[in-house]
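Report on the following structure.
Every read-out reported here was derived from the displayed coordinates using simple, explicitly stated rules and does not represent laboratory data. The model shown is predicted, which means the values in this text are computed figures rather than measured ones. Note that each Cβ is placed from the backbone with ideal geometry, even for glycine, and that neighbours are counted across all protein chains shown.
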Amino acid sequence: MRLRDLSAFTDPDLNWMMEGVRQELTARRASVLRVQGLAHLIAVHLARNCAGIPMDLRGASAALPGFKLKQVTDWIETHLDEEFDLDSLAAKADLSKFHFHRLFKQATGLSPAKFQLDARMKEARRRLRETNMPLLTYIKEISPRPILFIHGEKAHSRYFSETAYTAAAEPKELLIIPGASHVDLYDRMDKIPFERIAAFCAEHLK
């Protein structure tokens, strides 16, 4: 079995197990059974989570080195405003586009484009939560996903949903609840459009 290079990343579970071994080995009266048990857990964890795929036909490792993966992901996360460019990312890892895409997805579970989109969404949520940035700043990143805007007819902030709806890309829907205020949609069971929400989710969350 060949282990993947994850030298640039941390593994909380593995750290916990290794710390247990260290504590046991430095204890005044170490337990051989506990050390053996931890060693077994570590072996299973490595086999399950860190095993690499066989070497390819050229004889080179088919895993993306951890330091290269971190170099690429760090670059993505610090250049979120730039357009996605697979050629540029592959060049940073000294790989062809085909091999970089395959190895990146193998290492992260996501394609490079999906990783960048998720990183943008994560940063957008952070900025909306921690700063006073205008809410429509990231509408282009959000709106490729289906959006259902629901607002009360009498809500003082209704204009914002209408503005966001206009700015968003398809698929989108604006639902104005007649006679409802903003707070009515918190817990007024007769005002909340459960059937429309369920239908929208059933249509788009497939």
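Quick look at the values:
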{"item": "Kirkwood Rh in Å, taken over all unlike Cα pairs in segment 142-187", "result": "10.8"}
{"item": "Entries in 114/140; 105/172; 68/105; 70/122; 114/206; 68/97 that, when Cα-Cα distance is taken, lie over 25 Å", "result": "105/172"}
{"item": "Cα-centred dipole magnitude for the chain, charges only on beta-carbon of K, R (+1) and D, E (-1), debye, nearest 20", "result": "760"}
{"item": "Å³ per residue enclosed by the Cα convex hull of segment 106-194", "result": "137"}
{"item": "5 angstrom amide H check on residue 155, placed H, neighbours 5+ away", "result": "182"}
{"item": "Cα-based helix-to-principal-axis angle, 97-108 vs the chain, degrees rounded to 10", "result": "90"}
{"item": "Förster-model FRET efficiency, 41 Å R0, residue 126 and residue 39, C-beta, rounded to 0.05", "result": "0.55"}
{"item": "Stretch gain in nm, segment residue 205-residue 78, where the contour uses 0.36 nm per residue and the Cα spacing is subtracted", "result": "42.7 nm"}
{"item": "Relative contact order of the chain, defined on C-alpha pairs under 8 angstrom at six or more residues apart (%)", "result": "13"}
{"item": "For the chain, calculated [θ]222 nm from helices alone, where every DSSP H run of n ≥ 4 adds -39500 (n - 2.57)", "result": "-16500 deg cm²/dmol"}
{"item": "Distant alpha-carbon pairs in the chain (separation over 28 angstrom), percent", "result": "54"}
{"item": "Proxy reagent accessibility, fewest Cβ within 10 Å first, across 160, 200", "result": "160, 200"}
{"item": "Nearby aspartates and glutamates by direct alpha-carbon distance to residue 191 (threshold 17 angstrom, same-chain neighbours under 8 apart not counted)", "result": "153"}
